[in-house]
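Enquirer: Pasting in a structure now, in structure tokens, and then I'll have a few things to ask.
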Amino acid sequence: MLDGILLSEVIATIFYTILGLVLLGISWKIIEWVSPFSLRKEIEDDQNIAIAVLIGSLFLSIAILISSVIISG
């Protein structure tokens, strides 16, 4: 079952997973820096569902872009 899996493919998968998570973290910091208010406070304390949905959809779109770039490279 594992005969067709190469070690290089496993290492590349782990590397690109970590790279994608780092890029998502950087994008979160940029979004927090650009926004005029505290996103964390709005989502956690004020329970602002609209901002949570907006940030969630933004993360999904960024994740799709990152995965597309990784797959094409």
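The values are calculated or read from the model by the stated rules, or taken from the named source; none is laboratory data. Since this is a predicted model, take the numbers as computed values, not measurements. Cβ coordinates were reconstructed from backbone atoms using ideal geometry, including for glycine residues, and neighbour counts include every protein chain displayed. These area figures cover heavy atoms from the full protein model, side chains too; ligands, DNA and RNA do not enter into them. Shrake-Rupley method; radii C 1.70, N 1.55, O 1.52, S 1.80 Å.
Here's the yes/no breakdown for (1) of a type in the set (Asp, Glu); (2) at pLDDT below 85; (3) farther than 17 Å from Ile64 by Cα:
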residue: Leu2; (1), (2), (3): no, yes, yes
residue: Leu7; (1), (2), (3): no, yes, yes
residue: Val10; (1), (2), (3): no, yes, yes
residue: Ile18; (1), (2), (3): no, no, no
residue: Leu21; (1), (2), (3): no, yes, no
residue: Ile30; (1), (2), (3): no, no, yes
residue: Ser35; (1), (2), (3): no, no, yes
residue: Arg40; (1), (2), (3): no, no, yes
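Enquirer: Among (1) of a type outside the set (Val, Ile, Thr); (2) loosely packed, with under 11 Cβ neighbours inside 10 Å; (3) in a loop (DSSP other than H, G, I, E, B), where does Phe37 come up short?
Expert: Of the numbered conditions (1) of a type outside the set (Val, Ile, Thr); (2) loosely packed, with under 11 Cβ neighbours inside 10 Å; (3) in a loop (DSSP other than H, G, I, E, B), the odd one out for Phe37 is (2).
Enquirer: A further question on this structure: Condition (residue is open to solvent by less than 100 Å² (accessible area, probe 1.4 Å) and in contact with a Ser or Thr (Cβ under 6 Å, 6 or more places away or on another chain)) applied to the stretch 58-71: is it met by at least one residue?
Expert: Yes, the stretch 58-71 has at least one match.
Enquirer: What pairs come up if the first residue lies in the stretch 34-56 and is in contact (Cβ under 8 Å) with a residue 60 or more places away in the chain, the second is aromatic (Phe, Trp, Tyr) and surrounded by 15 or more Cβ atoms within 10 Å (Cβ to Cβ), and their beta carbons are under 9 Å apart, counting only those six or more places apart or on different chains?
Expert: none
Enquirer: Do we find that Thr13 is among the polar types (S, T, N, Q), part of a helix (DSSP H, G or I) and open to solvent by 80 Å² or more (accessible area, probe 1.4 Å) in this structure?
Expert: Yes.
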